[in-house]
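Everything below concerns the one structure shown next.
Just so it is clear, none of the values below were taken in a lab; they were calculated from the coordinates. As the structure is a computational prediction, the values presented were derived from the model and not from experiment. Cβ sites come from the backbone with ideal geometry, for glycine too, and all protein chains shown count toward neighbours.
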Amino acid sequence: MAPKMNAHRAVGEDFLTGATLRVSRRMAVPPDAIWSAFVDGRAWTEWLPLTGVTWTSPRPFGVGTTRTVEIGAQRVEESFFSWTEGERMAFRFDRSTFPVQAAVEDYRVQAVDGGCEVTWTGRATGILGLGWLIGRALADGIAKGLPKLEALLLENPDRYR
């Protein structure tokens, strides 16, 4: 039986103000390659432990875009509240199988000498500290995944231009 989907509090930019979870990595790849991978659903499954990413809104993506992410039997329906093409995407969990009250993730890409820097910021709240634990797990996954993203892009330069 599939886990039950729970509705979460609709939060946005102001919820990020209290975020303390942050992961950053400089990469020897151009910012546009990172962004191309970010908008490719399949790429997410190659650098994070995700089993599926489906964009549920048509292109062009922007504020209001939605997608569904699967992590094994777990599922998250997300909506984007911030989108600056090539630079930033931020979304909230609208519904998921996770025991959180609210959750957000914010991805920023900034050009630097020799490539770019990717910064992830996240926050989750839940009862009995579960939000913090889930947020910590997200941050750990991103910290382990960003080197894999860089390797994916370096090994496949023609795939993400």
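Points to keep in mind about this one:
- For the range 14-112: rounded, prolate or oblate by the Cα gyration tensor [a/c cutoff 1.5]: rounded
- Trypsin sites (Lys or Arg not before Pro) restricted to DSSP loop in the range 1-65 with at most 14 other C-beta within 10 Å: Lys4, Arg9
- Ordering Val112, Pro30, Pro99 by Cα displacement along the dipole of the chain toward the positive end leaves Pro99 in first place; charges were set at the Cβ atoms of Lys, Arg (+1) and Asp, Glu (-1).
- Largest-first principal axis extents, alpha carbons of the range 40-161, Å: 44, 30, 26
- Electrostatic dipole magnitude of the chain [Cβ: Lys, Arg +1; Asp, Glu -1; Cα centre; debye, to 20]: 420 debye
- Annotation: the range 65-108 has a Kirkwood hydrodynamic radius of 10.9 angstrom, from the mean reciprocal C-alpha pair distance.
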